[in-house]
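These notes concern the structure reproduced below.
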Amino acid sequence: MFDFIRKPLLWDCLDRGYDKEIGGVEYHLKSVQDLAVYARLREAENLRLAEIGGGASRILKRLAKRNDCVNVDKFEGADGGPSKPVRIRGVRNVEAFLGEGSALLPDGAFDVVFSISVIEHVPDAALDAFVEDGLRILKPGGLWLHAIDMYVEDEPGEQPRRRFERYRQWAEDSRFEPEGEVYRGPLAFSCAMASNPDNVMHRWGRLAPKLTELRKRAQSVSLLTALRKR
């Protein structure tokens with residue numbers, strides 16, 4: 001799968017009560033992403049799962065009840081994340097960054113490598129290394145699952161369009177097999193997309209004021225990638 005998270009997926013998760021299973025958090029883009037990722041992993045059992053940049057993860061505590069889970073995060077406080085290790089019952093912290101080739105993350109160790117609202121913070125120059133390291137630690141047949149923030153304007157600029165196409169190239173990479181449909185359309189907002197409420201974006205503007213002007217003119221949405229390592 002490579003597509004934006006859309007309302008039918010979100011509403012199906014809400015109808016099934018998945019929001020209550022993971023704690024019933026306030027509605028905003030992060031809760032939409034949590035539900036979309038959780039829906040893919042909810043039935044996982046006896047698997048090894050790595051959440052990248054999980055910080056104070058909102059879904060690992062649930063997934064760890066039936067799986068071996070690690071939280072891959074250096075806990076340095078980057079981009080509003082926690083500045084000290086967060087302890088989650090049944091979850092082991094691995095203080096590393098994906099993309100560094102850390103020996104703390106062995107080759108072929110994980111059935112699932114996933115993230116929520118993390119990849120958009122990976123610099124352009126480091127994105128290829130992030131993907132290569134992810135492929136390294138995934139088992140054959142392992143799932144590469146990521147919810148990625150995107151701001152979509154009426155006329156997207158060159159940088160967001162280029163970044164969007166780099167994400168889409170993962171679905172074209174012969175080392176991956178998409179698990180579901182691949183969106184072939186342009187980077188453009190559709191009314192069917194689940195999006196961040198305006199009042200939440202206004203509140204986030206107080207925490208990251210340099211993004212305020214962008215948030216005034218753009219919709220905050222999320223991509224979802226679900227690819228299997230061949």
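The values are calculated or read from the model by the stated rules, or taken from the named source; none is laboratory data. Not measured: the values here are computed from a predicted model. Cβ sites come from the backbone with ideal geometry, for glycine too, and all protein chains shown count toward neighbours.
Evaluate the following for GLU51: is it in contact (Cβ under 8 Å) with a residue 60 or more places away in the chain and either more than 26 Å from ARG168 (Cα to Cα) or not basic (Lys, Arg) (or both)? Please lay out each step first, then the result.
Values: in contact (Cβ under 8 Å) with a residue 60 or more places away in the chain: yes; either more than 26 Å from ARG168 (Cα to Cα) or not basic (Lys, Arg) (or both): yes.
Yes, satisfied.
Considering only residues that are out of contact with any Lys or Arg (no Cβ under 6 Å at 6 or more places or on another chain), surrounded by fewer than 15 Cβ atoms within 10 Å (Cβ to Cβ), more than 19 Å from ARG162 (Cα to Cα) and of a type outside the set (Gly, Ala, Ser), which ones fall in the range 95-131?
GLU100, LEU104, PRO106
Restricting attention to the range 1-55, and to residues there that are of a type in the set (Gly, Ala, Ser) and touching a Gly at 6+ places or on another chain (Cβ under 8 Å), which single residue is farthest from GLU100 (Cα to Cα)?
Checked the range 1-55; the qualifying residue farthest from GLU100 (Cα to Cα) is GLY55.
Listed here are the residues, each with its yes/no results for (1) within 13 Å of LEU227 (Cβ to Cβ); (2) modelled with pLDDT of 95 or more; (3) over 18 Å from the mean Cα position of the chain (by Cα); (4) not in a strand (DSSP E or B).
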position: ASP128; (1), (2), (3), (4): no, yes, no, yes
position: VAL131; (1), (2), (3), (4): yes, yes, no, yes
position: ARG136; (1), (2), (3), (4): no, yes, yes, yes
position: GLY141; (1), (2), (3), (4): yes, yes, yes, no
position: TRP144; (1), (2), (3), (4): yes, yes, no, no
position: PRO156; (1), (2), (3), (4): no, no, yes, yes
position: ARG162; (1), (2), (3), (4): no, yes, yes, yes
position: TRP170; (1), (2), (3), (4): yes, yes, no, yes
position: SER174; (1), (2), (3), (4): yes, yes, yes, yes
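Looking at (1) of a type outside the set (A, V, I, L, M); (2) at pLDDT below 95; (3) closer than 22 Å to GLY180 by Cα, which one does TYR38 not meet, given that it meets all the others?
Condition (2) is where TYR38 drops out.
For the condition closer than 30 Å to PHE164 by Cβ and of a type outside the set (Val, Ile, Thr), what is the one hit in ASP73, ASP68?
ASP73
Being closer than 14 Å to LEU29 by Cβ and either among the charged types (D, E, K, R) or loosely packed, with under 15 Cβ neighbours inside 10 Å (or both) is the requirement here; does ARG175 meet it?
no
Scan the range 10-35 residue by residue and report those that are among the aliphatic types (A, V, I, L, M) and either surrounded by fewer than 17 Cβ atoms within 10 Å (Cβ to Cβ) or out of contact with any helix residue (DSSP H, G or I) (no Cβ under 6 Å at 6 or more places or on another chain) (or both).
Within the range 10-35, LEU14, VAL25, LEU29 meet the criteria.
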